[in-house]
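Everything on this sheet refers to the single structure shown next.
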Amino acid sequence: MPVEDRADRRSLEGVSKRANVRVRRIYDDPSPDDGARVLVDRVWPRGISKERAHLDDWCKAVAPSTELREWYGHDPQRHSEFARRYKAELQQSEQAEALAGLEALAKRSTLTLLTATKDVELSQAAVLAQLLAH
């Protein structure tokens, strides 16, 4: 694993304590400590009902574009470049507005970013959590 990816993972470990932002899989059972539960995937996760998801919001606008998501394919060797490109996408007006909404939510209470990704540390939710921590 490249050194910068390890650094990204280490910095993510402290995110939930500093910014009240957590990253979890949507398939995990909800926790009383989750606070606001927001799905940050563009596509609804397979095999889970809206009732079982226990969502407060589904924020598709902060999800990476289909093109970027398909290029990335959760390949660990592409994670750093994915994060760079994804952060650039988040600067576009609709995405920036949605990100600002998540920032406001994180300031008020605990925010749990949910994703269907198997490895949450390599997901867009992890990148979002890092951005929200600053």
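FYI, it's all coordinate maths here, none of it is from the lab. Source: prediction; values computed, not measured. Ideal geometry is used to build each Cβ from the backbone, glycine not excepted, and the neighbour counts take in all protein chains shown.
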Practice task
Please turn the phi angles of the stretch 103-108 into ³J(HN,Hα) values with the Karplus equation 6.51 cos²θ - 1.76 cosθ + 1.60 (θ = phi - 60°), one per residue in order, whole Hz, x for glycine and proline.
Solution key: 4, 5, 5, 5, 6, 7
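Restricting to Cα pairs below 8 Å that are 6+ residues apart, what does the relative contact order work out to for the stretch 41-134? Please round to a whole percent. Could you put the intermediate results ahead of the total?
On the way: 58 pairs, mean separation 27.8, N = 94.
With pairs under 8 Å counted, the relative contact order is 30 percent.
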Handout entry: Under 24 Å, Cα to Cα: Lys pairs in the chain, sequence gap 8 or more or different chains
Key = 10
Problem - Dipole moment magnitude, nearest 20 debye, the stretch 3-133 about Cα centre, only Lys, Arg, Asp, Glu C-beta charged - result: 180 debye
Practice task
Please give the calculated 222 nm ellipticity per residue for the chain, where each DSSP H segment of at least 4 residues contributes -39500 (n - 2.57) and the sum is spread over every residue; nearest 500 deg cm²/dmol?
Solution key: -13500 deg cm²/dmol
Problem - For THR110, distant residues with modelled amide H under 5 Å away - result: ALA36
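Ranking request for peptides 24-35, 43-54: highest mean number of other beta-carbon atoms within 10 Å first, then the rest in descending order.
On the way: 24-35: 14.1, 43-54: 11.3.
Descending packing order for the listed peptides: 24-35, 43-54.
Can you give the net charge of the other residues whose Cβ lies under 11 Å from the Cβ of ARG85, counting K and R as +1 and D and E as -1?
Taking every Cβ under 11 Å from that of ARG85, the sum is +1.
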